[in-house]
Amino acid sequence: MKELKLLKGNEAISEAAIRAGADAYFGYPITPQSEILEYLMAEKPHERTGMVVLQAESEVAAINMVYGGAACGRKILTSSSSPGISLKQEGLSYIAGSELPCLVVNVVRGGPGLGTIQPSQSDYFQATKGGGHGDYRLIVLAPSSVQEMADFVKLGFDLAFKYRNPAMILTDGAIGQMMEKVWLEEQQPRMTEFPEWATTGKKPGKERRIVTSLDLDSAMQEKFNRKLQEKYRKMEENEVRFEEIDCEDAEYLLVAYGTSARICQKSVKIAREKGIKVGLLRPITLFPFPKNKIKEMAGKVKGILSVEMSAGQMVEDIRISVEGKVKVDHFGRMGGIIHSSEEIVTALEQKIIGG
Amino acid sequence: MAEQITNKDIAREENLVFKRTGVLTDKVMHYCPGCGHGTVHRLIAEVIEEMNIQSDCIGVTPVGCSVLMYNYLDVDMQEAAHGRAPALATAIKRLQPDKFVFTYQGDGDLAAIGTAETIHAANRGENFTIFFINNGIYGMTGGQMAPTTLPEMKSSTSPYGRDVKMMGNPLKMTELVAQLPGTYYVTRQAVHTPRDVRKAKKAIRKAFENQKLEKGLSLVEIVSNCNSGWKMTPVQANEWMVENMFPFYPLGDLKVDGEMAK
């Protein structure tokens, strides 16, 4: 039976992971996401489900523990915030290059560098374009509520295993820290059977399993890269998720995800009270990006404003999707500052309607 | 006159006194002639066979000359990023505590880029085995200075010899790791003579068997040569190793059954 609880976004991730039957969490403390590890340690999941929880010596070690565990065919979770996620990029590239599933949570804070500890959305490029070296993508889910923080843990694991590819929950310090009521799924058992590629010890008479991303033959390496690209095209065909709010009669469109999307809901109301027909498209998967939906909307509206807590990153994907059909601009605050609903409406009026 | 004995008569099952272990694959090894990697691979494979743990073994290979070890050992293996093998092994062993888990790492991998992973896995007392091949040089990338390169030793990035004032001192990781409460067995061996090969094999076996005791990490360092990187013949390289490497990296046990050796 589902259970209703009042939790922080970060805590919801942890509780949902235990309930999803995760086998291990490896992480390193960093604000604003340390509650994920703290909650797990306090909950003693080794007693609840046998789940392993370990505080690693660094984010680098943590992601490589994820790699080792994922290669055993297990459901492995890690989490961090922006500077720590940068440290994990090498490992993520290896995990993608070895076709392993795992789930990574990035509770984004303002950057660059050590930046701030306040919420931001400035890791969009890093999350959606690969992040580490080589041609690979992550499946990127963008929750806008504590409920989605919990729900996307199971979804993230399911997609990661379906495609044998790392998945990321890209959220921010606001959703990580805020408390909301959340319906939690009932406890799922941990896996007892593992995929055929998992290193669980060579069975007599069977081939050994080798997990590697190395191929010294460039023709084979290219062939493998084509296989990866085919996988990403399948994700684009099958896994695009988004939410439409007041889009039916919209003359102008806001596109925003996560915390920005919540603020934009209020902006839509304010604008409509002023007689401006505004809709909101909220991408839920940032990769695969809802480019077909945005292309379709570009044929219906007079202009599109991308609202992000960044200097404008997702706006580039919107521009590519729109193919120059309508005006596209960006509005956003940076460095841990969150925009107000009112200033978004003003930006829409100045940059799109009046501009 | 007695009947002629042919080769066919000799090569019969009952006359067989030695064969290559089945835990090694048929793949021809890529190592330079005279290199210690092939010998150590075979010793590990023989121990796995003798302990009958082939189906319970998971190995982690490094970045370096032995990156392709998984081509030669017939057990499940994972290929780590440079230096990170102890992190992978930590997860593998914690998720599958009944398996025999080992890493195989060179000096650059274990004692430079992977220093943190090595020390912290050892300090946590992770219950797996590290095989550490120390040849004092980065072999695969073409003979650059390693953390274990001896003072005054020439390499492609210390072409006039390692000047410790400028380039720092060689790091004795095995001595360092032996101090940590999480290690149970720490030893330094070599494989350049039949006697040393036999001793090294005993150490490898002990290191594997320790995993059943669940008392912490076992580390077996093998001081080896890199004749191509050192720009010597295999024989010269072994002689140079005995004369120069062994005084700096003395062979023998550093810690046995959790107690520092005298």
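The values are calculated or read from the model by the stated rules, or taken from the named source; none is laboratory data. Everything numeric here is computed off the predicted structure, so don't read it as measured data. Here the Cβ positions follow ideal geometry from the backbone for every residue, glycine too, while neighbour counts run over all protein chains shown.
Remarks
- The combined condition, being closer than 27 Å to residue A:193 by Cα, in contact with a Lys or Arg (Cβ under 8 Å, 6 or more places away or on another chain) and within 14 Å of chain B (Cβ to nearest Cβ), is not fulfilled by residue A:77.
- Test: residue in region A:296-305 that is over 25 Å from residue A:138 (Cβ atoms), free of Cβ contacts under 8 Å to residues at least 40 places away in the same chain and in a loop (DSSP other than H, G, I, E, B): yes
- Taking every residue in region A:201-213 that is more than 7 Å from chain B (Cβ to nearest Cβ) and within 20 Å of residue A:101 (Cβ to Cβ) and pairing it with any residue that is among the aromatic types (Phe, Trp, Tyr) and part of a strand (DSSP E or B), at least 6 positions away or on another chain, yields no pair with a Cβ-Cβ distance below 9 Å.
- Members of region B:90-104 found to be facing chain A (nearest Cβ under 7 Å), surrounded by 24 or more Cβ atoms within 10 Å (Cβ to Cβ) and within 13 Å of residue B:57 (Cα to Cα), listed by number: B:92
- Top-ranked residue in region A:147-195 [being within 13 Å of the chain's Cα centre (by Cα), of a type in the set (Val, Ile, Thr) and in a strand (DSSP E or B); ranked as nearest to residue A:213 (Cα to Cα)]: A:169
- Across region B:86-140, the qualifying residues are those that are touching a strand residue (DSSP E or B) at 6+ places or on another chain (Cβ under 8 Å) and acidic (Asp, Glu), and the one among them that is farthest from residue B:214 (Cα to Cα) is B:107.
- Residue that is assigned by TED's automatic domain parsing to the domain that holds residue A:77 and acidic (Asp, Glu), where the choices are A:207, A:180, A:196: A:180
- Number of residues in region B:105-142 that are of a type in the set (A, V, I, L, M), over 27 Å from residue A:28 (Cα atoms) and buried (at least 24 other Cβ atoms within 10 Å of the Cβ) equals 2.
- Here residue A:198 clears all of (1) more than 14 Å from chain B (Cβ to nearest Cβ); (2) of a type outside the set (Asp, Glu); (3) part of a loop (DSSP other than H, G, I, E, B) except the condition numbered (1).
- Just one of the listed residues (B:207, B:190) is farther than 17 Å from residue B:247 by Cα and among the hydrophobic types (A, V, I, L, M, F, W, C), namely B:207.
- Members of region A:203-230 found to be buried (at least 17 other Cβ atoms within 10 Å of the Cβ) and of a type in the set (Lys, Arg), listed by number: A:208, A:209
- Single unsatisfied condition, residue B:77 versus (1) closer than 18 Å to residue B:211 by Cβ; (2) more than 8 Å from chain A (Cβ to nearest Cβ): (2)
- Test: residue in region A:168-191 that is surrounded by fewer than 19 Cβ atoms within 10 Å (Cβ to Cβ), among the basic types (Lys, Arg), at pLDDT 95 or above and in contact with a Pro (Cβ under 9 Å, 6 or more places away or on another chain): no
- Filtering region A:33-45 for residues that are more than 12 Å from chain B (Cβ to nearest Cβ), surrounded by fewer than 22 Cβ atoms within 10 Å (Cβ to Cβ) and touching a residue at least 40 places away in the same chain (Cβ under 8 Å) leaves an empty set.
- Test: residue in region B:161-183 that is under 19 Å from the mean Cα position of the chain (by Cα), at pLDDT 95 or above and of a type in the set (S, T, N, Q): yes
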